[in-house]
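Shown next, in structure tokens, is the structure this report addresses.
Computed from the coordinates by the stated procedures, all read-outs in this text should not be read as laboratory data. Remember, predicted model here, so these are calculated numbers, not experimental data. Glycine also receives a Cβ, built like all others from the backbone with ideal geometry; neighbour counts cover every protein chain displayed.
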Amino acid sequence: MEKAKILIVGAGPVGCVLAERCANELLVPVQLIDKRSHIAGNCFDRQHESGVLIHQYGPHYFRTNDESLVHYLSQFTEWIPGNYFVTSFYNGQYFPFPINLLTLAQFFGKESLTPEEAELLLEEKREKIENPKNSEEFVLSRVGREMYEAFYLGYTVKQWDMHPKELSTSVCGRIPIRLNTDCRYVDHAFQLTPKDGFTAMFTKMTTHPLIDIQLNTDYKTITEKPAILIYTGPIDEYFNFCYGKLAWRSLSFDFKEYSEEFRQPNVQINYSNDFDYTRTVEIKHVTKQEHPHTVISYEYPQAEGDPYYPIPTNENHELYLKYKALADKETAENNVYFCGRLAEYKYFNTDEVIVNALHTFESIKKKHGN
Ligand code: FAD
Ligand code: UDP
């Protein structure tokens, strides 16, 4: 293989997509590195010792409204329907979550509720807040205090170690509230899971004679600078934390094997008011793997560890904007492209980062393509 013209730091979804695009369209050698021992970034799935396929870094529910994105990814995988159903454990009972007509009826002890009856009930419960400024105000203005305290407050405090008052509306605003009986976790038009898993999909994407993958390789150890650098690691680290560190929330995952086919009725159970963990995940409900054993992942939020979630406060956003100004200069002057959840310090889902990667590729092609 000739000397790589493009170096990509990070073999997560963004790094893999950009490697594939550069190799197939620009026809140039690409060096794709990751400090971890595997590709696929946080979408990485693998066989647990038991043989059960697990999502190593939390459940990944692929969803999108973008049909062209599904077409693009379908070159590398077949799909099975997404089966994303979540319940929330409160007061000894399991409630469908996100909140919908069934949740409302169960919570307020009604046999059933029509959308009109639910609207009247919520009208009584909602706090009158015109322009919610934070996650607490957002939820109070949508469902009122009782359900806020049952389903959101404790979960959010555990997840972020911050009060919902301190977090932007976008955090709890991610969760829909529905006046119908749709119990799916998300609303998107396409809810699909790669048939053989994410790692298999990204492996197929990056298996190309022009792509050289080096794992267990930190960017810090690379001395030779390429003509084009695509950087998907944390943006503050790239600039040696010159303005200080950006804050991240991390998680630890405790995987437990059980010798039964299924242990939970659905893939994810959220615990707002019980236990130290936020949720238990039995991904077999989504992967549809047939296996006599199962594995449950218990998710414990923590301050230290891999950077998983950018913390969306105004202060962190301001700090990010300072790094972003440096990054824009670096792109213009030195052909360094920043893309992805870590490099853009944003709570992106997988479909969103892949779309961003495809846009970044268009910029690279415009500037460097023949
Ligand atoms: P990443 O996947 O983070 O990949 C970046 C890679 O860069 C990593 O592998 C890292 O090791 C590597 N790297 C960093 N620094 C260096 C360095 N210095 N040298 C070499 N390599 C480096 N999205 C969904 O659509 N649905 C979900 O249900 C969902 N659930 C999630 C649950 C959790 C717990 C988390 C944390 C995320 C979830 N996501 C979900 C989001 C999804 O994981 C991300 O959108 C996606 O992985 C981002 O891709 P990326 O390539 O930007 O970054
Ligand atoms: N959330 C909550 N209760 C729940 C689930 C989520 O309060 O049962 C809040 C919490 O603050 C969380 C946010 O909503 O961080 C977004 O939840 P989501 O499940 O989308 O988070 P992710 O899957 O990205 O961890």
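What number, in percent, do you get for the relative contact order of segment 174-327 if the mean sequence gap of Cα pairs under 8 Å and at least 6 apart is divided by its residue count?
It comes to 24 percent, rounded to a whole number.
To the nearest Å, what is the center-to-center distance of segment 80-148 and segment 1-68, using C-alpha atoms only?
Going from one Cα centre to the other spans 37 Å.
With N set to the residue count of segment 1-137, report its C-alpha Rg divided by 2.2 N^0.38 Å to two decimal places.
Compactness ratio reported: 1.61.
Considering every Cα-Cα pair within segment 205-355, what fraction, in whole percent, is farther apart than 28 Å?
Looking at segment 205-355, the distances longer than 28 Å represent 40 percent of pairs.
Go through segment 270-275 residue by residue and turn each phi into a ³J(HN,Hα) via Karplus (6.51, -1.76, 1.60, θ = phi - 60°); whole Hz please, and just put x for glycine and proline.
9, 10, 6, 10, 10, 6
Sum -39500 (n - 2.57) across every DSSP H segment of at least 4 residues in the chain, then divide by the residue count to get the 222 nm mean residue ellipticity, nearest 500.
Result for the chain, helices only: -8500 deg cm²/dmol.
Tabulate in residue order the Karplus-calculated ³J(HN,Hα) for segment 249-265, using 6.51 cos²θ - 1.76 cosθ + 1.60 with θ = phi - 60°, rounded to whole Hz; enter x for Gly and Pro.
9, 10, 9, 10, 10, 10, 9, 10, 8, 10, 8, 8, 5, 9, 10, 10, x
Could you list the square roots of 5 times each eigenvalue of the Cα gyration tensor of segment 158-236, that is, the equivalent ellipsoid semi-axes, sorted largest first and rounded to whole Å?
Taking √(5λ) for each eigenvalue gives 37, 24, 11 Å, largest first.
Can you put Glu149, Glu290 in order of Cβ neighbours within 10 angstrom, beginning with the fewest? Intermediate results must be reported in sequence, preceding the final value.
Working: Glu149 15, Glu290 7.
Least crowded to most crowded, the residues run Glu290, Glu149.
Any chance you could list P(r) for the chain, counting all Cα-Cα pairs in 10 angstrom bins from zero, rounded to whole %?
5, 22, 30, 25, 13, 4, 1
Relative contact order for the chain: what is it in percent, counting Cα pairs under 8 Å that are at least 6 residues apart?
Normalised by residue count, the contact order of the chain is 25 percent.
For Gly82, what residues show an amide H to amide H distance below 5 Å, using hydrogens built from the backbone and excluding near sequence neighbours?
Gln191, Leu192, Thr193
In whole Hz, with x marking every Gly and Pro, tabulate ³J(HN,Hα) for segment 200-213 from phi via Karplus 6.51 cos²θ - 1.76 cosθ + 1.60, θ = phi - 60°.
4, 5, 6, 5, 4, 4, 9, 7, 7, x, 8, 10, 10, 9
What translational diffusion coefficient, in µm²/s and rounded to a whole number, does the Stokes-Einstein relation yield for segment 68-154 at 20 °C and a viscosity of 1.002 mPa s, taking the hydrodynamic radius as the Kirkwood radius over Cα pairs?
140 µm²/s
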